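Take a look at the structure set out below.
The values are calculated or read from the model by the stated rules, or taken from the named source; none is laboratory data. Note that the structure is predicted; figures quoted are calculated from it, not measured. Neighbour counts are summed over all protein chains in view; Cβ atoms, including those assigned to glycine, are modelled from backbone coordinates with ideal geometry.
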Amino acid sequence: CAEFSHGHEVAKLIGAPPGYVGSSQGSFFKEKADVSSRWVFLFDEIEKANDKLFNLLLSLLDDGTITDSTGNLLDFSNSIFIFTSNQGISDIKETSLGFSSKGPSQESINTTLKDSLGKKFSPEFRNRIDEFIYFNDLTPENIAEIVKMNLKNYHVEITSELVDYVVKNAYSREYGVRELK
């Protein structure tokens with residue numbers, strides 16, 4: 001959603017207002033609604049978007065419809081909207097400092113994340129979301145499996161030593177497995 005960090009970029013979804021450049025062109029949502037009302041929309045890293053996007057999504061999340069810039073009522077009542085967010089991750093890192101070797105409990109982490117979401121997103125927006133799913137950190141076993149899947153793309157013999165080496169040199173707690181490739 002970094003491409004929606006400025007308010008005027010929301011026009012990509014519903015079209016430019018009448019009188020503005022591009023107002024005669026279609027919009028992303030119009031193109032999709034003309035085909036079907038059944039879609040899965042993924043808004044990755046929603047916390048990076050401008051508040052205008054959240055306001056636009058209120059109608060969609062409430063009754064599944066939205067009016068585009070030309071007055072067409074677009075129906076997405078059979079669609080699924082998924083939002084990912086890294087909101088609150090830095091708050092978790094702050095709470096995990098200290099002398100405890102175990103770190104914060106999953107319940108404590110979820111509470112911290114929920115509090116952070118409450119600070120970032122309006123109650124109206126949060127109340128239209130059916131479910132919040134919190135993901136745990138990757139375990140060493142998860143990382144090893146990801147390494148094995150990626151090594152299958154290369155003509156190498158996959159040994160436990162190779163997997164251990166790649167895990168040790170390509171994984172970081174801060175960036176996850178992004179460095180793997």
Report task. Out of the residues in the stretch 90-100 that are among the small types (Gly, Ala, Ser) and modelled with pLDDT under 65, state the one that is surrounded by the most Cβ atoms within 10 Å (Cβ to Cβ). Result -> 96
Report task. Look at residue 103 and say whether it is modelled with pLDDT of 75 or more and surrounded by 13 or more Cβ atoms within 10 Å (Cβ to Cβ). Result -> no
**Report entry** Set 48, 12: member being of a type in the set (D, E, K, R), modelled with pLDDT under 90 and surrounded by 14 or more Cβ atoms within 10 Å (Cβ to Cβ)
**Finding:** 12
Report summary line: For the stretch 47-57, the count of residues that are in a helix (DSSP H, G or I) and under 17 Å from residue 11 (Cβ atoms) equals 7
Query raised in the report: Do the conditions hold for residue 82, that is, is it of a type in the set (A, V, I, L, M), at pLDDT 90 or above and either surrounded by 15 or more Cβ atoms within 10 Å (Cβ to Cβ) or in contact with a Pro (Cβ under 6 Å, 6 or more places away or on another chain) (or both)?
Result: no
